[in-house]
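Structure record follows, encoded as structure tokens.
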Amino acid sequence: MKKRLSQIPHILLVLLGVFFICKPSLAANYYIRAGASGANNGSSWANAWTTFGAVTWARGNTYFVAGGSYNEDVTITTAESGANWIIIKKANAVDNSGEAGWNASYADIQAVINGKFVIYNGYFEMDGVTGSGMSGHGIKISVTASASVLAFSSGASPRHLHRLDLQGPGFDFGSAGTDGIYYNSTAANSKGLYISYCWIHEIPRNGVSVGNVIGTSYSDYGMLFENNVLGRTGGVAIAYPAIHGQGMQIAYSQTDSYNIIRNNAFYNIYSQAPISYLGLGTHSNSRIYNNVFYSTDPSIYSLASAIYMHNLSVSVADIYVYNNTFYNLGGYASHIRNDFVGATNIEVKNNLWVNCPFGQRHTNITATANNDYYNNYGVNIPSGETNQKTETADPFINSTGYDLHLKPGANARDGGIDLSAIFSTDKDGASRPPGLWDIGAYEYGGVLPPSLPPDTGSAVFNKTKTYPSPFKLEAGKTLKIIELPLNAVIKIYNMNGVLIKELKETDFNNSGYVEWDGKDQNNEPVSRGIYYYSASDEKGNKKTGKFTVLK
Ligand SMILES: [Ca+2]
């Protein structure tokens, strides 16, 4: 593009010049690094601010944070200035390598803020850059006292949080009840609250507590909460029952609309419900899909319901609960409970319940279809629903390990109704074939999109790659998958998501790689094409990649 600059009319260059002169401040990069010993002015990695407290925050800037410990409470009060953002971003090679003083350890080591984080205004983003599930997050905020881990003051402008590990003082800590993320908006807020790939855990009261998250359409959402893991929340209510913990509390005495809650895992929650729409609020247009809800010990993690709409709500309308998986929940019931009589368009479809209590069946739901129930217990297990399904055996690949992907023989496979007008992928991002929808959060053998970027979520797999690339299938030649952590397991899939081969790093003398001869499980050479691999280790770290096989 550079060589074309001379073709740009001079008048445009003049206009660009005027634009830059008039703009109050140009976006700039600044640096925060514990242990830096320079001028402590943020101008470079050498002169980085050593604490968040030393930073001069200004709109339009990006603040890169190196790995290390920051033992402080952080409060940012900088007023908004139009749509100029403050961005806090983990140090990373893509943005920072090549800068003076750069060291790869700034990216590799987690930045840990040991203190609460409070942000007064919007147009604020914090991005850990790496991490998904329960590992690899570039930035961690850890609180050990009675305080919300991350709190926003009220106001209607965007707040975005990505790839953060937000750890509270403990599941049942203290006597006051504090939250993971707290935000009370004030008005319609275009793409207002966006939270993705965060791990929110060890929270005494609500994992997420929001009010007035108001959108104008699903593309212009009030809240998008996706690909997060939220668990170990609400336990303060065990000793202090007057404090009602929830997994996610939406709108007490407030309005909410156009919220999307998708592709998340909710685990080990003690509460009224993992997702609760509370009283005196106006609740409309929520889509809750492709989530998994489970507990590892139903005797501890007790629920009154799975999703709850309070009877004192001002109104409840258009709440869609689709393709979620509920497994091994504890307590009284795991039903979809709408206590607000007169609600409209409350739909519960394509959901799967296994090993769950049903002291109560779904209440005040306007449409149920193609839900699947297996091995649940209690006196009110749903019956007679439209196209209701069941299983003849545990439908999950590995329920004792809480891997809730479907087994080959599960009736949930192709047992759902097509909801592709609303969404077309599963919790993994794999496509759901038109007309052949599965029930629950995962599509069996769902096809990962060919454009799927490598999942660099887990730092231990950051250097993992295939060699050679592309791989030409010839006798005696092998594909190596290298830079693997100890005891990694590799599964190779074809374009249709069919498992071709499983390889273990232990079978190659724990040498940090595996080798594949290009043959399937029947020892037949595979055909040419695109293949995927998923790598995982025993700590739950994961990576997905793809490679090409030529002949
Ligand atoms: Ca299917």
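The values are calculated or read from the model by the stated rules, or taken from the named source; none is laboratory data. None of the values given here were measured: they were computed from a predicted structure. FYI the Cβ positions are ideal-geometry reconstructions off the backbone, even for glycines, and counts take in every protein chain you see.
Details
- For segment 495-540, the set of residues classified as buried (at least 16 other Cβ atoms within 10 Å of the Cβ) and of a type in the set (A, V, I, L, M) consists of ILE500, LEU503, VAL514, VAL526, ALA535, listed by residue number.
- Filter pass, ASP108 being of a type outside the set (Val, Ile, Thr), in the same structural domain as THR51 (by TED's automatic domain parsing) and in contact with a Gly (Cβ under 8 Å, 6 or more places away or on another chain): yes
- Any hit, segment 203-214, residues being within 14 Å of the chain's Cα centre (by Cα) and in a strand (DSSP E or B): yes
- Top-ranked residue in segment 437-485 [being modelled with pLDDT under 90 and aliphatic (A, V, I, L, M); ranked as farthest from the ligand (Cβ to nearest atom)]: ALA475
- Residue ID - farthest from ARG232 (Cα to Cα), chosen from residues in segment 133-178 that are touching a strand residue (DSSP E or B) at 6+ places or on another chain (Cβ under 7 Å), assigned to a strand (DSSP E or B) and among the small types (Gly, Ala, Ser): ALA151
- Search result, residues across segment 275-302 that are without any contact (Cβ under 8 Å) to a residue 40 or more places away in the chain, surrounded by 21 or more Cβ atoms within 10 Å (Cβ to Cβ) and under 15 Å from THR233 (Cβ atoms): ILE275, SER276, SER295, TYR301
- So TYR267, is it in contact (Cβ under 8 Å) with a residue 60 or more places away in the chain and closer than 23 Å to TYR322 by Cα: yes
- Only residues that are buried (at least 19 other Cβ atoms within 10 Å of the Cβ) and free of Cβ contacts under 8 Å to residues at least 40 places away in the same chain were counted across segment 386-427, and they come to 5.
- Residues in segment 275-322 that are farther than 19 Å from GLY342 by Cβ and of a type in the set (Phe, Trp, Tyr): TYR289, PHE293, TYR294, TYR301, TYR322.
- Total residues in segment 471-494, condition in contact with a strand residue (DSSP E or B) (Cβ under 6 Å, 6 or more places away or on another chain) and exposed (fewer than 14 other Cβ atoms within 10 Å of the Cβ): 1
- Of residues in segment 405-436 being of a type in the set (Lys, Arg) and within 12 Å of the ligand (Cβ to nearest atom), the one farthest from the chain's Cα centre (by Cα): ARG413
- The criterion of being at pLDDT 95 or above, closer than 26 Å to ARG413 by Cα and over 23 Å from the mean Cα position of the chain (by Cα) holds for ILE346.
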